[in-house]
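Okay, so here's the structure we're looking at.
The values are calculated or read from the model by the stated rules, or taken from the named source; none is laboratory data. Please read all numbers here as calculations on a predicted model, not as lab measurements. Glycine also receives a Cβ, built like all others from the backbone with ideal geometry; neighbour counts cover every protein chain displayed.
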Amino acid sequence: MIDLYYWTTPNGHKVTMFLEEAGLPYKILPINIGKGEQFAPEFLKIAPNNRIPAMVDHEPADGGAPLALFESGAILLYLADKCGQLIAPDLRGRNEVLQWLFWQMGGLGPMAGQNHHFTQYAPEKIPYAIERYVKETARLYAVLDKQLTGRDFITGSYSIADMACYPWVVPYSKQGQNLDDFPQLKRWFFNIRERAATQRAYALAAEINPAPTMTDEDKRQLFGQDASTVRRG
């Protein structure tokens, strides 16, 4: 059994998509990041960066004590290796998946996240910041669109690279993007959206957080952190 510490964000969706696709048994432990639940001492023991998702595998492959992990990319890689699924088994194929997983972790996620912040949440609309991140999101979409030419999925077969990227494309309209500008990405996006596991994962999110809102207090919890936040934890 896997305990998944989760909230309804793109990084959270990555892991539920995997678990639903692979059919692994798991239990959701919601961490409402707008209410500050990510600062609870018991959660910080698992996720010292006070971010979701995090997980505990109570049946690791080595037969030892429960294994805790944080960071969504690390979790996806761990689960793929645990199951022997959704990552290529050969050297070249595996590393192709890994480079696109890291591309999402280092590029698409952070840049789209800044896009979300400055276009949706920042108290002051800063034109330079908005233009910067909307354009960079478009550039990354174009990179992915080009990679998908002649391929059903990012590395050919459906993998953790696709699961990592898809949730960050879901809010494309809020990111100032038009999928018609990226025809290969658009095809890929709707193919993944129609997968039964994807639909189950997003249905679960709707049950856990049926009316997502962002209050001023939520924004303070999410955007007001600094070094003192870590020291208090």
task: Check Thr149, Thr137 and return the single one that is in contact with a Gly (Cβ under 8 Å, 6 or more places away or on another chain) and of a type in the set (Ser, Thr, Tyr).
output: Thr137
Subset of segment 111-122 (residues that are within 16 Å of Pro167 (Cβ to Cβ) and of a type in the set (Val, Ile, Thr)): none
message: Anything in segment 27-50 that is at pLDDT 95 or above and under 22 Å from Cys165 (Cβ atoms)? List them, or say none.
response: Asn49
- request: Scan Leu148, Leu79 and give me the residue that is out of contact with any strand residue (DSSP E or B) (no Cβ under 9 Å at 6 or more places or on another chain) and of a type in the set (A, V, I, L, M, F, W, C).
  value: Leu148
query: Which ones in segment 52-62 are buried (at least 17 other Cβ atoms within 10 Å of the Cβ) and assigned to a loop (DSSP other than H, G, I, E, B)?
result: Ile52, Pro53
task: Take Lys125 and decide whether it is of a type in the set (D, E, K, R) and not in a helix (DSSP H, G or I).
output: yes
- line: The residue that is nearest to Thr9 (Cα to Cα), considering only those in segment 49-67 that are more than 18 Å from the chain's Cα centre (by Cα) and without any contact (Cβ under 8 Å) to a residue 24 or more places away in the chain, is Leu67
query: Got at least one residue in segment 96-112 being over 29 Å from Asp218 (Cα atoms), in contact with a strand residue (DSSP E or B) (Cβ under 9 Å, 6 or more places away or on another chain), part of a loop (DSSP other than H, G, I, E, B) and among the aliphatic types (A, V, I, L, M)?
result: no
query: Hey, does segment 192-215 have a residue that's over 23 Å from Thr16 (Cα atoms) and not in a loop (DSSP other than H, G, I, E, B)?
result: no
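Listed here are the residues, each with its yes/no results for (1) among the β-branched types (Val, Ile, Thr); (2) more than 19 Å from the chain's Cα centre (by Cα); (3) under 17 Å from Pro167 (Cα atoms).
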| position | (1), (2), (3) |
| --- | --- |
| Leu98 | no, no, no |
| Phe102 | no, no, yes |
| Glu124 | no, yes, no |
| Ala138 | no, no, yes |
query: Which residue, of Leu76, Leu69, is at pLDDT 95 or above, in a helix (DSSP H, G or I), at negative phi and not polar (S, T, N, Q)?
result: Leu76
query: Restricting attention to segment 101-115, and to residues there that are of a type in the set (Gly, Ala, Ser) and closer than 19 Å to Ile154 by Cα, which single residue is surrounded by the fewest Cβ atoms within 10 Å (Cβ to Cβ)?
result: Gly106
query: Could you list, in sequence order, the residues of segment 139-165 that are assigned to a helix (DSSP H, G or I) and either among the aromatic types (Phe, Trp, Tyr) or surrounded by fewer than 18 Cβ atoms within 10 Å (Cβ to Cβ) (or both)?
result: Arg139, Tyr141, Ala142, Val143, Lys146
